[in-house]
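*Asks:* One structure coming up, written as structure tokens, with questions to follow.
The values are calculated or read from the model by the stated rules, or taken from the named source; none is laboratory data. Given the structure is predicted, the values throughout are model-derived calculations rather than measurements. FYI the Cβ positions are ideal-geometry reconstructions off the backbone, even for glycines, and counts take in every protein chain you see. When the accessible area is computed, the model is the full protein with side chains, heavy atoms only, and any ligands, DNA or RNA have been set aside. Shrake-Rupley method; radii C 1.70, N 1.55, O 1.52, S 1.80 Å.
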Number of protein chains: 2
Amino acid sequence: MKLLEDRILRDGVVLGDDVLKVDNFLNHQIDPVLMQELGNEFARYFAGKNITKVLTVETSGIVPAVFTGLALGVPVVFARKQKSLTMKDNLYSATVYSFTKDVTNEITISKQYLGKDDKVLIIDDFLANGQATNGLMEICKQAGAEIAGVGIVIEKSFQKGRKILEEQGMDVYSLARIQAFSEGTVQFVQE
Amino acid sequence: MKLLEDRILRDGVVLGDDVLKVDNFLNHQIDPVLMQELGNEFARYFAGKNITKVLTVETSGIVPAVFTGLALGVPVVFARKQKSLTMKDNLYSATVYSFTKDVTNEITISKQYLGKDDKVLIIDDFLANGQATNGLMEICKQAGAEIAGVGIVIEKSFQKGRKILEEQGMDVYSLARIQAFSEGTVQFVQE
């Protein structure tokens with residue numbers, strides 16, 4: 001998606017060999033207009049798949065997921081990274097390891113909001129090693145829900161996430177695919 | 001806002017004397033259509049205030065804030081509740097105690113995204129004791145930013161938050177104001 005690639009080139013900050021900071025428009029400051037464009041594009045790609053629910057993980061997946069849900073006309077559910085005091089029982093859960101932060105989180109979704117009649121679109125901000133998406137897929141399995149596909153805002157194509165998801169038969173649609181970071185600049189996959 | 005009050009009556013769950021769970025449409029599952037209506041209403045109320053930025057705290061304030069920013073045509077910045085590895089320096093920060101969760105969080109905003117030329121609208125999902133909003137106000141003070149007002153989705157008017165904010169001269173606009181929880185049902189402030 002050219003609009004997103006241009007924004008990454010303009011406002012993304014490359015740190016070291018594998019970290020891209022997009023705090024300017026996605027992970028800290030948020031550009032609502034761009035986010036709506038991303039949501040519309042996910043909805044366009046996955047239209048006709050009879051999706052009943054968009055699933056994501058807090059925090060930065062939520063906004064692209066909500067605009068996708070708005071465009072598709074379906075609710076969004078975000079997995080929580082820690083259990084809150086008001087919600088302890090009746091949860092699906094999975095363990096997710098974050099390489100970036102070197103922490104393991106339990107992600108949870110209330111059984112009330114996901115079930116065997118759901119057809120789910122998983123949305124997340126980044127795809128690197130596929131841990132968060134795998135956690136959501138595990139939760140869908142527990143719920144007996146079908147997965148229609150995976151929508152990713154920024155994919156680091158030089159890491160193993162896409163391969164892991166495709167090996168499980170997933171249709172992965174990424175709006176920006178990064179081939180490499182070279183001398184502080186971003187190179188996209190040529191498609 | 002009648003649309004919101006009706007939804008609270010239909011899908012809100014009262015726990016004990018002072019907890020309202022709105023996991024059905026705001027805090028876990030999200031209704032994107034309702035959220036856009038809330039954002040439009042905040043934007044309508046605060047239109048003409050020359051707002052340059054919408055400020056909120058992760059997680060559940062983000063979606064109402066983003067729809068408000070979309071309607072006002074300005075960016076949104078969400079304070080993080082813990083420091084991430086990629087962002088440690090150049091932060092404004094404040095301490096926020098959550099009565100609901102009995103935890104104290106450091107909330108932070110990068111100095112890059114808030115400054116003395118900003119006129120800020122603070123948006124949050126709940127106003128109870130005003131701790132989160134006070135933390136954001138403290139951060140605005142550090143940044144030298146002006147505060148145009150505070151928009152709250154659900155106010156527990158029987159707690160002290162509104163009083164604390166009004167004593168500091170804040171214009172507080174809440175879309176639903178709860179007077180009391182009585183025998184498991186919600187009573188709204190009659191205006």
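*Asks:* In degrees, nearest 10, range 0 to 90: what is the angle between the Cα axis of helix B:2-11 and the longest Cα principal axis of chain B?
*Replies:* 70
*Asks:* Follow-up question, since we're still on this one. For segment B:2-188, what is the relative contact order in percent, using Cα pairs closer than 8 Å and at least 6 residues apart in sequence?
*Replies:* Once normalised by length, the contact order is 19 percent.
*Asks:* Would you mind listing the distances between the B:G144 label point and the same position in each other copy? Use 7 Å along Cα-to-C-beta, nm, one decimal, shortest first.
*Replies:* Sorted ascending, the copy-to-copy spacings read 6.2 nm.
*Asks:* Continuing with the same structure: Interface size between chain A and chain B, please: total buried accessible area, 1.4 Å probe, rounded to the nearest 100 Å².
*Replies:* Protein heavy atoms only, the A-B interface buries about 3200 Å².
*Asks:* Hey, can you find the accessible area per residue of segment B:80-139 for me, probe 1.4 Å, expressed in square angstrom?
*Replies:* Result: 48 Å² of accessible area for each residue.
*Asks:* Using the alpha carbon gyration tensor of segment A:2-188, what are the three equivalent-ellipsoid semi-axes (square root of 5 times each eigenvalue), largest first, in whole Å?
*Replies:* Sorted largest first and rounded, they come to 26, 18, 16 Å.
*Asks:* Taking every DSSP beta bridge that has both residues in the protein assembly as shown, what percent is antiparallel when rounded to the nearest 5?
*Replies:* That works out to approximately 45 percent antiparallel.
*Asks:* Please compute the length gained on full extension between B:Y97 and B:L9, using 0.36 nm multiplied by the number of residues separating them and subtracting their Cα-Cα distance.
*Replies:* Between B:Y97 and B:L9, full extension yields an extra 28.8 nm.
*Asks:* Given Cα pairs under 8 Å that are at least 6 residues apart, what percent is the relative contact order of segment B:66-152?
*Replies:* Reported as a whole number, the value is 28 percent.
*Asks:* Quick check: from the Cα gyration tensor, does the protein assembly as shown come out rounded (a/c under 1.5), prolate or oblate?
*Replies:* It is oblate, given that a/c is not under 1.5 and a/b is not larger than b/c.
*Asks:* What part of the accessible area of segment A:2-188, given as a whole %, is carbon or sulfur when the probe is 1.4 angstrom?
*Replies:* Carbon and sulfur: 43 percent of the exposed surface of segment A:2-188.
*Asks:* In addition: I need the inter-copy label distances for A:D102: point set 7 Å along Cα to C-beta, values in nm with one decimal, smallest first.
*Replies:* 3.2
*Asks:* For segment B:43-136, what is the convex hull volume of its Cα atoms per residue in Å³?
*Replies:* Spread over its residues, the Cα hull of segment B:43-136 gives 103 Å³ apiece.
*Asks:* Along the Cα→Cβ direction, 7 angstrom out, place labels at B:E166 and A:N40. What is the inter-label distance in nm?
*Replies:* 4.2
*Asks:* Among the DSSP beta bridges whose two residues both lie in segment A:2-188, what percent are antiparallel, rounded to the nearest 5?
*Replies:* Looking only at bridges with both residues in segment A:2-188, the antiparallel portion is about 45 percent.
*Asks:* In whole Å, what are the extents of segment A:1-88 along the principal axes defined by its C-alpha atoms, from largest to smallest?
*Replies:* Projected onto the principal axes, the Cα atoms of segment A:1-88 cover 38, 37, 22 Å.
*Asks:* To the nearest 20 Debye, how big is the dipole of segment B:67-128 about its Cα centre, given +1 on the beta carbon of each Lys and Arg and -1 on that of each Asp and Glu?
*Replies:* 180
*Asks:* Taking chain B as a Gaussian network, where each spring joins two C-alpha atoms under 10 Å apart, which residue of B:Q82, B:Q159, B:Q131 fluctuates the most?
*Replies:* B:Q82
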